[in-house]
Amino acid sequence: MPETNVTIGLDIDEKSVKFVKIRRSDSEAVLLRYAVREIPSSENKVKAVADILKELFKGERPDIKVYTCAFGANVSLKRLTIPVMPDDEIKGALQWEAKNLIPFPLENSVMDFYKIGKMSDKAVEKYDIMFAVAGEELLNFINSVSKESGVRFSGISLIPLSLCSLLSYTKRCDKDKINAIIDIGAEAASINLFKGDVLNFTREITVAGDSLTKAMTGLLVADHWQLNLTYEQAEEIKKRYGIPKKDTAEVADSGIPLVHIYEMMAPTLRRLQNEIIRSFDYYKEEFREEKIDRIFLTGGTSKMQNLEEFLSNALGIKVETVDPLESIKIDPSSGIDAEALRQVSSRLALALGLALERSEKLNFQRKKEKTQNLNLAGVGDIFKNIHIQIQIPTNIAVISAVSLLAVALIYNFYLSGVRETYKKELASKQAILNDVKALIEKRSILEQISKEETHIRETLSQITRALPQGVALTNLTYDNSKRQIWLAGEANDTKTVGRLLKSFEDSPNFKNTVLIEARKASVEGTQKIVFKVTFNLT
C-alpha cells in the first residue's frame, strides 16, 4: 500500500530540478529528503532531465505520489463566470470559450478547471470559474520525461496555486487582504495576486536573475577605462554583493567600484520595477481594488542581497522574503545538513508548495472518465435477458426479429437516398464556397498588410519621440515575428546613452530594453559613443 501521507514535489525549470519529499499530517509537515540538481547542457533535454530523476528516485517506492507543475508560454490561466450547469456541460462551455481566450493552438491541449464559488448576476446564479489550458508541446515534454525516467506523476499543477498553498500553510496570507507573491527564478519571474487564497491575477515576465547577470556583462565605458565582465564573473559578483547602493564607495575584491556595477544593473532593475508596477496597476483597475496589502518574495533570486529593500522602496510597500522552511520540520533521522539546506532553501519554495498542494484544485494529469460503449454483444445479451424474463414463444420471437430487420433495411435505403441528395447539393455549391473562401482570405491578407503599415509608422514615430538630444541613429532592424527592434547609433557621451536607455525603459510602448554595446569611437574627427540597443514592442 502507498504511503498516502508522503508526497514528492518536483520543480523542473529550464536550468535545474528541485526535489523535496515530505510527510504531512494534520498537525505538521516534515522534510524527509531534498535535492537540487543543475540540468547539464544537452541537445536532448528530455534525457538530461530523465537521467537526473532516475538518480533522485533510486530506492523510492514506484507508487509514491509525485507532483510537478506546468510553466511557460504553453500554459494559460483564465477566470470567468458562467451560468450554473452540470460539470460535464461546464467542460464543453469552457472549450468553446477557450477558442477566444487562449493564445496558442488548442489541438491536443489539456484543460482543467475548478469552481471558486457561486455568485448572483441580475438574479441569475453563476459559477465563478478558474480554468487552465496546457499546450501540447509542454505536455509532450512532461510525458516524455515520465516515460524515459519511469517516474509517474500523480498531478501536474500550476506555479501560483502551489506557491499560495505554501504561504497558506505558513498562515501568512490574510483572509480578506490582497496578497502578492512575486516568484523570481533564473529565467523568468511570475507576479501573482490573490484575495486571501483565491487567485485573481497571474503574469509571467522574462526579467529575472539571469537578466541581472547578463546586464553586467555588457560593455561599460567610463572616463579612463572600459569594463567587460564574463558571465561567470558577473554571476559571482551578483552572488557576493547583490544590488550595490547607487552611491556606494565600496570596491569589489577584483578592484571594480560597486557603483559601476549598480549602473550596469540599473536598467534591468527599472524594467523589473516597471513590470511589477504595471501588473499592480492593471489589477487595481480590473478588480477595483485600492491597494496591494502585502507582497511576498519567493524563488532562487529572492535571497539576492538588497533585492528586498530595492523592491520595497520601488513599490512603496514592504516586501517580505519568504523562508519556505519556516513551518516545515526536518526529520531528525534524515541526516539533512541544516546549513547546506539553508543555502538552497529559497530555491525549494515551489517544490514544497507542490508537495503540500497535491494538485487539489487544478490537475492536468486528472484521469479522463471512460465512456461506456454499447456493442452488439451487449445488445444481444439485453434481448436474451428480455426473452427469458418475458418468456415470449419462440415463433413470435422469430417473426418479431424478421419485422425489425425489414424496418431497418427500409430505413437504411431511405438514409442512402437522403445522403445522395445532400452530396449532389454540396457538389453544386462547392465552387461557390471555394470562391467565398478565397475572397475571405484575400480580404484578411489586405487587412493584415494595412495593419502592419500603420503599425510600422506608429512604431517609428514612438522611437523618434523617445530619442534624447545628442543621439543619431545609423541603423534600424525590425523582426516582425518577435516584435523586436535593433538600433545602432551615435551619442555625444555616456550620459546621453543612459538617457536613451531610460527613455525606452520608461515608455509604455517598449519592453526588455538591453544595451548590447557602448564604446568610444572617432566619427569624422569627433569623439562619439557608438552604441547598439535592442528592445521589444509591448
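What is the one condition in (1) surrounded by fewer than 17 Cβ atoms within 10 Å (Cβ to Cβ); (2) without any contact (Cβ under 8 Å) to a residue 40 or more places away in the chain that residue 94 does not satisfy?
Going through (1) surrounded by fewer than 17 Cβ atoms within 10 Å (Cβ to Cβ); (2) without any contact (Cβ under 8 Å) to a residue 40 or more places away in the chain one by one, residue 94 breaks only (1).
Any idea which of (1) within 13 Å of residue 157 (Cα to Cα); (2) assigned to a loop (DSSP other than H, G, I, E, B) is the one residue 335 doesn't satisfy?
Of the numbered conditions (1) within 13 Å of residue 157 (Cα to Cα); (2) assigned to a loop (DSSP other than H, G, I, E, B), the odd one out for residue 335 is (1).
Matching residues to (1) at pLDDT 90 or above; (2) in the same structural domain as residue 310 (by TED's automatic domain parsing); (3) at positive phi; (4) touching a strand residue (DSSP E or B) at 6+ places or on another chain (Cβ under 7 Å):
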| position | (1), (2), (3), (4) |
| --- | --- |
| 208 | yes, yes, no, yes |
| 212 | yes, yes, no, no |
| 221 | no, yes, no, yes |
| 225 | no, yes, no, no |
| 228 | no, yes, no, no |
| 242 | yes, yes, yes, no |
| 252 | no, yes, no, no |
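Please go through (1) modelled with pLDDT of 85 or more; (2) charged (D, E, K, R); (3) part of a helix (DSSP H, G or I) for residue 490 and return the number of the only condition it doesn't satisfy.
Only one criterion is unmet by residue 490, namely (3).
Among (1) at pLDDT below 85; (2) within 37 Å of the chain's Cα centre (by Cα); (3) not in a strand (DSSP E or B), there is one condition residue 439 misses while meeting the rest; what is its number?
(2)
Filter segment 157-171 down to the residues that are surrounded by fewer than 19 Cβ atoms within 10 Å (Cβ to Cβ) and either among the polar types (S, T, N, Q) or more than 19 Å from residue 360 (Cβ to Cβ) (or both) and list them by number.
At the first step, the residues of segment 157-171 found to be surrounded by fewer than 19 Cβ atoms within 10 Å (Cβ to Cβ) are 168, 170-171.
Matches in segment 157-171: 168, 170.
Just checking, how many residues over segment 318-327 are modelled with pLDDT under 95 and aliphatic (A, V, I, L, M)?
Selection size over segment 318-327: 2.
Here is a yes/no grid of residues against (1) of a type in the set (Asp, Glu); (2) surrounded by fewer than 17 Cβ atoms within 10 Å (Cβ to Cβ); (3) closer than 24 Å to residue 350 by Cβ:
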| position | (1), (2), (3) |
| --- | --- |
| 61 | no, yes, yes |
| 70 | no, no, yes |
| 74 | no, no, yes |
| 80 | no, yes, no |
| 100 | no, yes, no |
| 104 | no, yes, yes |
| 108 | no, yes, no |
| 113 | no, no, yes |
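Is it the case that segment 521-532 has a residue that's farther than 25 Å from residue 461 by Cβ, within 36 Å of the chain's Cα centre (by Cα) and at pLDDT below 85?
So far as segment 521-532 goes, no, none of its residues is farther than 25 Å from residue 461 by Cβ, within 36 Å of the chain's Cα centre (by Cα) and at pLDDT below 85.
Which of the residues spanning segment 459-487 are among the β-branched types (Val, Ile, Thr) and either assigned to a loop (DSSP other than H, G, I, E, B) or within 23 Å of residue 263 (Cβ to Cβ) (or both)?
Restricting attention to segment 459-487, the residues satisfying the condition of being among the β-branched types (Val, Ile, Thr) are 459, 463-464, 471, 474, 477, 485.
Within segment 459-487, just 471 meets the criteria.
Within segment 276-315, can you find the residues that are on the phi > 0 side of the Ramachandran plot and either modelled with pLDDT of 95 or more or within 21 Å of the chain's Cα centre (by Cα) (or both)? So that I can check it myself, show each step before the final result.
Kept after step one, since they are on the phi > 0 side of the Ramachandran plot, are these residues of segment 276-315: 288, 299, 306.
Scanning segment 276-315 gives 299, 306.
Could you tell me whether segment 102-114 includes any residue that is more than 17 Å from the chain's Cα centre (by Cα) and within 20 Å of residue 46 (Cα to Cα)? Before you say what the answer is, go through the steps one by one.
Step one: filter segment 102-114 for residues more than 17 Å from the chain's Cα centre (by Cα), giving 107-108, 114.
Now restrict to residues that are within 20 Å of residue 46 (Cα to Cα): 108.
Checked segment 102-114: at least one residue is more than 17 Å from the chain's Cα centre (by Cα) and within 20 Å of residue 46 (Cα to Cα).
Given the options 365, 343, name the one that is under 26 Å from residue 217 (Cα atoms) and either polar (S, T, N, Q) or modelled with pLDDT under 95 (or both). Walk me through how you get there before you give the answer.
On the way: 365 fails: under 26 Å from residue 217 (Cα atoms).
Sole residue among the options that is under 26 Å from residue 217 (Cα atoms) and either polar (S, T, N, Q) or modelled with pLDDT under 95 (or both): 343.
Which one of these is touching a helix residue (DSSP H, G or I) at 6+ places or on another chain (Cβ under 6 Å) and either on the phi < 0 side of the Ramachandran plot or not polar (S, T, N, Q) (or both): 319, 259? Show your work before the answer.
On the way: 259 fails: touching a helix residue (DSSP H, G or I) at 6+ places or on another chain (Cβ under 6 Å).
Of 319, 259, the one residue that is touching a helix residue (DSSP H, G or I) at 6+ places or on another chain (Cβ under 6 Å) and either on the phi < 0 side of the Ramachandran plot or not polar (S, T, N, Q) (or both) is 319.
The values are calculated or read from the model by the stated rules, or taken from the named source; none is laboratory data. What you see is a predicted model, and the numbers here were worked out from it, not measured in a lab. For neighbour counting, all protein chains shown are included, and Cβ atoms are generated from backbone atoms with ideal geometry for every residue, glycine included.
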